[in-house]
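Structure first, commentary second.
Just so you know, all these numbers are worked out from the coordinates, no wet-lab data involved. Note that the structure is predicted; figures quoted are calculated from it, not measured. Virtual Cβ from ideal backbone geometry, glycine too; neighbours counted across all protein chains shown.
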Amino acid sequence: MMKELERAKSYKVGYLNTMPADKDQFKATDSTRSFAQQMLHLAQANVFLMSISTDLEPLPFSIADLEHSPGAQKKDSVMNYITTSYDYCIQAVKNFDVNKWGEKKKIFGFEEPRLVLIMKTFEHQVHHRGQTTIYLRLLGLKPPSAGIFQ
């Protein structure tokens, strides 16, 4: 799981490096999040969902409306939030007792084993990264390779 989170972090950094800084506010349509907002939402959810999964104290930005924070929108801030969120997830998994992965936790009215919640955290970040693929393609940019079997 840690290896997959490391790969996911590297992949998101590649996406952020591919998107020009002057295009961070690009939206695929007016009713969607901007590229920066997608990444900020992803970072915030990484921390929130992993904190529920592992009981690790969440980082302060996990309880704020990060994607609408004007101070978070610049490329260097987005990069910081993304990398910090993945470092948090990696440490949460590394330090969590795997013998507790089967314990059930409640979230949003559902009860799931901790491992399932960790997997849903991973699934959520894949979902939002996938959305940003369209943003890059609409701008004529080539998304980085996933490196799934590296």
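Neighbour counts of other C-beta atoms within 10 Å: give me Thr121, Thr29, Thr83 arranged from fewest to most.
Values: Thr121 25, Thr29 7, Thr83 16.
Ranked by crowding around the Cβ, least crowded first: Thr29, Thr83, Thr121.
Positive-end ranking of Ala64, Ser51, His41 along the dipole of the chain, with charges on Cβ about the Cα centre, is headed by His41.
Residues Ser31, Ser10 in ascending order of nearby Cβ atoms (within 10 Å, fewest first): Ser31, Ser10. Diffusion coefficient of the range 68-109 by Stokes-Einstein, Kirkwood radius over Cα pairs, 4 °C, 1.567 mPa s: 101 µm²/s.
Net charge within 13 Å of Glu6 by Cβ-Cβ distance, Lys/Arg positive one each and Asp/Glu negative one each, not counting Glu6 itself? Net local charge, Glu6 excluded: +3.
Listed highest first by mean packing, meaning other Cβ atoms within 10 Å per residue, what order do 55-65, 103-113, 32-42 come in? Show your work: numbers first, answer last.
On the way: 55-65: 14.4, 103-113: 11.4, 32-42: 22.4.
Highest mean packing first, the order is 32-42, 55-65, 103-113.
Charged side chains reduced to their Cβ positions (Lys and Arg at +1, Asp and Glu at -1) give the chain a dipole of some 400 debye around its Cα centre. Cross-link check: pairs Lys3/Lys105; Lys23/Lys75; Lys12/Lys74 evaluated at a Cα-Cα cut-off of 21 Å; pairs beyond the cut-off: Lys3/Lys105.
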